[in-house]
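S.K.: Would you mind keeping the following structure in view while I ask a few things?
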Amino acid sequence: LAEAHDRITERQSFQLDLSDRPRPLKTPADIAAAASAMLGGKMRISRVTYVEVDDAAGTFVQRRWNSRGDPEAILEPRQLADFGPEIIATLRRAEPLVIRDVATDPRTMPHAGAYESIGVRSNLAIPLVKAGRLTIVLSLQHDQPRDWTLSDIDLATDVAERTWSAAENARAQEELAAGSRRKDEFLAML
């Protein structure tokens, strides 16, 4: 009972920190990087990838955090199809994707080269579908096979939703600031 209480307290502390840390950050990319670093450290995994999807085009771009603490952005669009149609269909249904080992999972075996090219052996992907479109995927990746627990899935889902909300708020603030600057420039011209 004490152990369960400690886990709940630890999770609540993490969630509070997750709410507080992005507050001073101004861009969606900075918010995603901070949340990814926190989640990766908490779960002791190799990498967390925050993927922005253009579902209509079938492409994505990604920002990664890795266990060395090196953030990297891969802004060159990649093809969703490279990772397998069954995987993408699962994500589009807004279902968590749980893969213990990409080398042995029948859904990923035919596309193992694509996973290997980015150093992924185990993957937990949490999709966010908005207005019927896959928009964001928070992907927890490990360089070794890993048994993902229900607690892992719940925590990753919570982080994905909180990160999306904070990033959308930052985008709205950026748009308001840009609109205000345009108005000021227009008035200055008059």
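The values are calculated or read from the model by the stated rules, or taken from the named source; none is laboratory data. These numbers come from a predicted model, not from an experiment. Note that we place each Cβ from the backbone using ideal geometry, even for glycine, and neighbour counts take in every protein chain shown. To get the accessible areas, we keep the full protein, side chains included, count just its heavy atoms, and leave off ligands, DNA and RNA. Shrake-Rupley method; radii C 1.70, N 1.55, O 1.52, S 1.80 Å.
S.K.: Is it true that some residue in region 2-25 is under 21 Å from W148 (Cβ atoms) and among the hydroxyl-bearing types (S, T, Y)?
M.R.: No, because not a single residue in region 2-25 is under 21 Å from W148 (Cβ atoms) and among the hydroxyl-bearing types (S, T, Y).
S.K.: Scan region 12-25 and tell me whether some residue there is part of a helix (DSSP H, G or I) and buried (at least 20 other Cβ atoms within 10 Å of the Cβ). Give the derivation first.
M.R.: Within region 12-25, the first condition is being part of a helix (DSSP H, G or I), and the residues that meet it are 12-20.
With buried (at least 20 other Cβ atoms within 10 Å of the Cβ) added as a condition, the list becomes 18.
Yes, some residue in region 12-25 is part of a helix (DSSP H, G or I) and buried (at least 20 other Cβ atoms within 10 Å of the Cβ).
S.K.: Considering region 39-65 alone, what residues qualify as being of a type in the set (A, V, I, L, M, F, W, C) and free of Cβ contacts under 8 Å to residues at least 60 places away in the same chain?
M.R.: Residues satisfying the conditions are A57, V61, W65.
S.K.: Can you name the residue in region 26-49 that is assigned to a loop (DSSP other than H, G, I, E, B) and not small (G, A, S) and, of all such residues, is surrounded by the fewest Cβ atoms within 10 Å (Cβ to Cβ)? Write out each step before concluding.
M.R.: Initial filter on region 26-49 (assigned to a loop (DSSP other than H, G, I, E, B)): 26-27, 44-46.
With not small (G, A, S) added as a condition, the list becomes 26-27, 44-45.
On the way: K26: 12, T27: 13, R44: 9, I45: 22.
Per the stated criteria, the residue is R44.
S.K.: Continuing with this model, one more query. Would you check if V61 is out of contact with any Asp or Glu (no Cβ under 7 Å at 6 or more places or on another chain), under 22 Å from A33 (Cα atoms) and open to solvent by less than 60 Å² (accessible area, probe 1.4 Å)?
M.R.: Values: out of contact with any Asp or Glu (no Cβ under 7 Å at 6 or more places or on another chain): no; under 22 Å from A33 (Cα atoms): yes; open to solvent by less than 60 Å² (accessible area, probe 1.4 Å): yes.
No, not satisfied.
S.K.: Continuing with this model, one more query. Taking interchain pairs and intrachain pairs at least six residues apart, which have beta carbon atoms under 6 angstrom, with the first residue in region 101-122 and over 21 Å from I153 (Cβ atoms) and the second open to solvent by 50 Å² or more (accessible area, probe 1.4 Å) and assigned to a helix (DSSP H, G or I)?
M.R.: From residues that are over 21 Å from I153 (Cβ atoms), the pairs are A114/D82.
S.K.: Do we find a residue being at pLDDT 85 or above and within 23 Å of L18 (Cβ to Cβ) anywhere in region 59-76?
M.R.: Applying the first criterion (at pLDDT 85 or above) to region 59-76 yields 59-60.
Filter again for within 23 Å of L18 (Cβ to Cβ), leaving none.
Within region 59-76, none of the residues are at pLDDT 85 or above and within 23 Å of L18 (Cβ to Cβ).
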